[in-house]
1. If you build the convex hull over the alpha carbons only and average its shadow over all orientations, what do you get for region 57-157? Give it in nm² to one decimal.
2. What spacing in nm lies between the two simple spin-label points modelled at ILE69 and LYS159, each 7 Å away from Cα in the Cβ direction?
3. At 1.4 Å probe size, with every protein chain present, just tell me what the per residue accessible area of region 61-157 comes to in Å².
4. List the residues whose amide H sits under 5 Å from the amide H of PHE56, counting only those 5 or more places along or on another chain, with H placed 1.01 Å from N in the peptide plane.
5. Once the Cβ-Cβ distance between ASP121 and ARG87 is put in as r, and R0 is 45 Å, what FRET efficiency do you end up with, to the nearest 0.05?
6. List the trypsin sites (Lys or Arg not before Pro) within region 115-163 that fall in a DSSP loop (any state other than H, G, I, E or B) and whose Cβ has at most 15 other Cβ atoms within 10 Å.
7. Figure the gain on full extension for GLU95 and LEU134 (residue separation times 0.36 nm, minus the Cα-Cα span) and round it to one decimal in nm.
8. Test of understanding: what is the full-extension gain from HIS112 to ALA149, defined as 0.36 nm times their sequence separation minus their Cα-Cα distance?
Amino acid sequence: EQNATGDAYKLALAYAAGIGGARGGVMETTFQDETETDLFGEQAVLCGLAPDGGLFVPAYFPQVSMDEIESYSEMPYAQVSAAVLGRFFDAIPNEQLLGMCERAYASFTDAHVVPVRHVKDRLYAMELYHGPTLAFKDVALQILPELMAYSAQACGDGKKILILVATSGDTGKAALEG
């Protein structure tokens with residue numbers, strides 16, 4: 001039985017040699033049948049779900065020094081986002097990834113995108129409702145269309161991307177706003 005996820009998965013594998021090489025950002029699946037499948041971040045984005053309906057997860061998590069983490073507190077959100085995403089999508093040039101992140105978060109109503117507010121004593125709260133749909137999902141889903149467009153071009157697909165959503169909540173609207 002063929003399905004869209006299976007087709008996207010096959011497409012991503014077919015273009016693996018064109019994107020690949022000695023680089024990081026490898027994603028693995030959460031296959032229940034213990035079959036190993038490695039894809040680069042750009043390929044996993046095009047697949048959506050793994051062929052078994054599970055998720056792609058990073059094959060490894062890069063080490064980040066405390067100095068680097070502390071430096072993030074002085075950076076705009078788009079710059080932090082690009083720095084973190086760049087560790088998993090290392091085929092995307094840094095300046096291009098930064099531009100993608102800036103476009104993705106430009107519609108947020110707070111200049112900090114996800115401001116952190118002091119509540120009391122040592123208690124802080126991160127506000128995740130400043131996106132176009134006022135849902136926390138905007139933070140993750142606004143960058144997705146940018147990553148998908150880049151990935152489709154990098155894989156040489158050239159086809160238009162259709163994001164089909166079915167939801168009873170705010171997830172679909174958040175995905176479509178991107």
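1. 7.9
2. 4.1
3. 60
4. Under 5 Å from the amide H of PHE56 lie the amide H atoms of ALA50, each far enough along the sequence or on another chain.
5. Once the sixth-power term is evaluated, E becomes 0.85.
6. Sparse-neighbourhood loop trypsin sites (Lys or Arg not before Pro): ARG122, LYS159, LYS160.
7. That works out to 11.2 nm of additional length.
8. Fully extending the segment from HIS112 to ALA149 adds 10.8 nm.
The values are calculated or read from the model by the stated rules, or taken from the named source; none is laboratory data. Just so we're clear, the structure is a prediction, and the values are computed from it rather than from any experiment. No Cβ is skipped: glycine too gets one built from the backbone with ideal geometry, and neighbour counts run over all protein chains shown. All accessible areas refer to the heavy atoms of the entire protein, side chains included, with ligands and DNA or RNA removed. Shrake-Rupley method; radii C 1.70, N 1.55, O 1.52, S 1.80 Å.
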